[in-house]
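Report on the following structure.
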Amino acid sequence: MSEFEKYTIDIAAHPMLDRAKELGFLTTFDRAKAQEPRCTFGNTGICCRICLQGPCRILPKKPGGNKGICGARDYTIVARNTVRYIAGGAAAHSDHGREISEALLHTAEGHFKDYQIADTNKLMYVAKNIGVETEGREINAIAKEVANAALDEYRRIDENEEVTWLKSYIPENTLTIWRKTTIMPTGINLSLAKLLHQTHVGNDSDPINITFGGLKAALCDLDGSHLATDLSDILFGTGVPVVTEANLGAIKADKVNIAVHGHNPLLSQMVVKAAKEMQEEAKAAGAAGINLVGICCTGNEVLMREGVAIATNFATQELAVLTGAMDAMVVDVQCIMPSLRSVAECFQTKIVTTSPIMKIPGSYHYGFDEAHAMDSAKEIIRLAIDAYKQRDQAIVNIPNVTNKVVAGFSLEAMLNIFKKVNPEHPLRVIADAIEAGEIKGVAALIGCNNRKVTHNYNHTIIAQELAENDVLLLAGGCSAQAHALSGMMNGEAVQKYAGEGLKKFFARLNAVSGLTEDLPLMFHMGSCVDYSRMQLFANLLAAEMGLDLAELPYAVSAPEAMSEKAVAIGSWNVCCGNPMHVGVNGPTVGSQLVDDVVTKIAEDVFGGFFFWEPDPHKASARMIDILKERNWKNVMRKKARDAKAAN
Ligand code: BF8
Ligand code: SF4
């Protein structure tokens, strides 16, 4: 038994934490310990640092202490802090989408020679959805117009207009609610700037108005994410089922190991391509070849499209370096720990930053130039080959842990499988299983790692208990990686964990899927940006079942939510009518009023709501109850309709 069991359930992580201890390197787990006990003000969101008079805390026992210096009450402070998380998250996701849009535009115009349009079917599908003419036009002309439509989402400032992507993909009933509550965004940049303005000192103090401003920003997150996924699929291809492996054992002692880490696939796709061409160079340096592994959502992107193995997820990124066999870690944006540089100093590992807005002091910075993408990727790989030559094989220590992963389930890939059963109405396959009671509904497992809880534990328990109770699972982000690392993303896991109904459901699909492997316990739909795939799935399933989104037996869980993006994602899920579990304290708990708005009132307005539940057993039980209740209501509604029709 490892002394680190409280830190993580990942058995590959334990020997690496032993190693860190020997080396005297303090990992993120040690640093989390150093932060305890947490400040209650900060932990509950009632500390305001919005102006230089702060920090102001809510101190009810002191005269005047129930307000900040400017007079802001707890509800204003909590609402402002929460929506500023959303603004940060939406900015990150949307800016990622903007970069992909620029890349598609330059590719279509012929300026980015190393990129091509990989999926013309997706291009046509997206073009038709957003109203771009396709008949008799050249591919590049269509791509250019689609890219410009995406860029218009950022440029638009006419408040009478609406963002295109949401308008094109979200069901009309939900759009009506968003319009009535004035949260339908005009343009992404405008909405985010307005929210920062709204929450400036001495501006809005109405917690409801602030919260709704935040929800508009959350919808910008969905809009920017959705177009990022669509345009990434067009540029790099839409995921198809792949079989690979996950965990630190995917790092190979005899190869030049390169980890791609971050979120944006523009560079990592090129690294994959370059690595294929440069195997001989690696061999000339004495290695058996080049081995790519993925971490965090860049890892998910190249897993989906290229079948690249997963090394690990957010919390354990430092441990990949501690193997001593990582020659380069190439990072782009988001969720990259600044501490990577200091752990890399113990080894030959080169940390290579590539974005002008993500640099780490002391690491290698290669300003990635999309106009010469292949050259940039090759230069980075050469750096890794050089590092390999300096590697001391005697100190390499790679845990012998890997698990089989079956992934790559874009919505298109899933529909292709369901079409084998029902070519006309693929989602009838799921609708029938729900209506027959074979499965209880669908749950999306999403989100990060958060050092406030044991790494990957809650993800795993919730997934196992939902599966045991016949809930069909979708997964993405670091949550999907948690399941991949622990061996739950393959057909064997269905036999081990699924209830009888879910087993039957999978058996029917396996009989016709045409895949070499059985379907896994959960459909890995990609990175966090790709959560729009899950929402699109929910939209289509609701349409197939004749339900509103808020009636669909669908629930979402982020057991270890951590980032600002997670707050934005959770919020748009609520706006879409989805019950949204979060396994750590919500940022609103410091104000009863704001907390009631997001956990109770939200349901009356949108049908979706947040609930905070740190206990994974209670969380899965509540999710199952919610699915059962939605099913029961749907049966009752149908009975009432049938009775009315009979009279
Ligand atoms: O975007 S799940 S820790 S890596 S924020 Fe970050 Fe969270 Fe991981 Fe992907 Ni998403
Ligand atoms: Fe204090 Fe008000 Fe400034 Fe916040 S905005 S730090 S509550 S004075």
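Summary table below
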quantity	calculated
Residue match in segment 70-77 (condition: open to solvent by less than 90 Å² (accessible area, probe 1.4 Å), among the aliphatic types (A, V, I, L, M), at pLDDT 95 or above and more than 11 Å from ligand 2 (Cβ to nearest atom))	no
One residue from Cys346, Cys335 being assigned to a loop (DSSP other than H, G, I, E, B), open to solvent by 10 Å² or more (accessible area, probe 1.4 Å), more than 20 Å from Cys448 (Cα to Cα) and in contact (Cβ under 8 Å) with a residue 60 or more places away in the chain	Cys346
All positions within segment 158-173 that are open to solvent by 30 Å² or more (accessible area, probe 1.4 Å), of a type outside the set (Gly, Ala, Ser) and over 17 Å from Asn573 (Cβ atoms)	Asp158, Glu159, Asn160, Glu161, Glu162, Lys167, Glu172
2 or more residues of a type in the set (S, T, N, Q) and either at pLDDT below 95 or touching a helix residue (DSSP H, G or I) at 6+ places or on another chain (Cβ under 7 Å) (or both): qualifying helices (runs of 4 or more DSSP H) within segment 131-195	139-155, 164-169
Some residue of segment 511-532 being part of a helix (DSSP H, G or I) and over 30 Å from Leu219 (Cα atoms)	yes
Matching residues in segment 25-56 - criterion: being more than 9 Å from ligand 2 (Cβ to nearest atom) and in contact with a Phe, Trp or Tyr (Cβ under 6 Å, 6 or more places away or on another chain)	Phe29
Identity of the residue in segment 306-332, in contact with a strand residue (DSSP E or B) (Cβ under 6 Å, 6 or more places away or on another chain) and in a helix (DSSP H, G or I), that ends up farthest from Leu383 (Cα to Cα)	Ala315
Verdict on Val293 being outside any helix (DSSP H, G or I), farther than 18 Å from Thr402 by Cα and in contact with a strand residue (DSSP E or B) (Cβ under 6 Å, 6 or more places away or on another chain)	no
Failed criterion for Val584 (all others in (1) modelled with pLDDT of 95 or more; (2) surrounded by fewer than 19 Cβ atoms within 10 Å (Cβ to Cβ) hold)	(2)
In segment 375-404, the residues that are in contact with a helix residue (DSSP H, G or I) (Cβ under 7 Å, 6 or more places away or on another chain), among the hydrophobic types (A, V, I, L, M, F, W, C) and open to solvent by 20 Å² or more (accessible area, probe 1.4 Å)	Ile398, Val401
Number of positions in segment 10-55 that are in a loop (DSSP other than H, G, I, E, B) and crowded, with 20+ Cβ neighbours inside 10 Å	6
Close pairs (6 angstrom Cβ cut-off, 6 or more residues apart or separate chains): without any contact (Cβ under 8 Å) to a residue 60 or more places away in the chain in segment 607-624, of a type in the set (Asp, Glu) anywhere	Phe609/Glu603
Segment 373-401, residues that are under 29 Å from the mean Cα position of the chain (by Cα) and farther than 21 Å from Val272 by Cα	Ile398, Pro399, Asn400, Val401
Residue in segment 514-533 that is nearest to Asn403 (Cα to Cα), counting only those that are within 16 Å of ligand 1 (Cβ to nearest atom) and of a type in the set (A, V, I, L, M)	Met522
Test: residue in segment 415-436 that is within 16 Å of ligand 1 (Cβ to nearest atom), hydrophobic (A, V, I, L, M, F, W, C), open to solvent by 30 Å² or more (accessible area, probe 1.4 Å) and out of contact with any helix residue (DSSP H, G or I) (no Cβ under 7 Å at 6 or more places or on another chain)	no
Segment 189-202: number of residues that are under 23 Å from Ala92 (Cβ atoms) and within 16 Å of ligand 2 (Cβ to nearest atom)	6
Any chance Asp119 is under 23 Å from the mean Cα position of the chain (by Cα), farther than 17 Å from Ala217 by Cα and in contact (Cβ under 8 Å) with a residue 12 or more places away in the chain	yes
Sole residue being assigned to a loop (DSSP other than H, G, I, E, B) and either in the same structural domain as Asp530 (by TED's automatic domain parsing) or in contact with a Gly (Cβ under 7 Å, 6 or more places away or on another chain) (or both), chosen from Val260, Val240	Val240
Checking Ala566 against (1) open to solvent by 10 Å² or more (accessible area, probe 1.4 Å); (2) more than 16 Å from ligand 1 (Cβ to nearest atom); (3) outside any loop (DSSP other than H, G, I, E, B), the condition it does not meet	(2)
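Okay, residues lined up against (1) more than 24 Å from Ala561 (Cα to Cα); (2) open to solvent by less than 30 Å² (accessible area, probe 1.4 Å):
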| position | (1), (2) |
| --- | --- |
| Asp595 | no, yes |
| Ile601 | no, no |
| Phe610 | no, yes |
| Arg622 | no, no |
| Asn634 | yes, yes |
| Asp642 | yes, no |
| Asn647 | yes, no |
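Residues are listed down the side, and each one gets a yes or a no for (1) part of a loop (DSSP other than H, G, I, E, B); (2) surrounded by fewer than 21 Cβ atoms within 10 Å (Cβ to Cβ); (3) modelled with pLDDT of 95 or more:
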| residue | (1), (2), (3) |
| --- | --- |
| Asp95 | no, yes, yes |
| Leu105 | no, yes, yes |
| Phe112 | yes, no, yes |
| Ile117 | yes, yes, yes |
| Tyr125 | no, yes, yes |
| Lys128 | no, yes, yes |
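The values are calculated or read from the model by the stated rules, or taken from the named source; none is laboratory data. The structure displayed is predicted, hence computed values, not measured ones. Cβ sites come from the backbone with ideal geometry, for glycine too, and all protein chains shown count toward neighbours. What goes into the accessible areas is simple: the full protein's heavy atoms, side chains included, and nothing from ligands, DNA or RNA. Shrake-Rupley method; radii C 1.70, N 1.55, O 1.52, S 1.80 Å.
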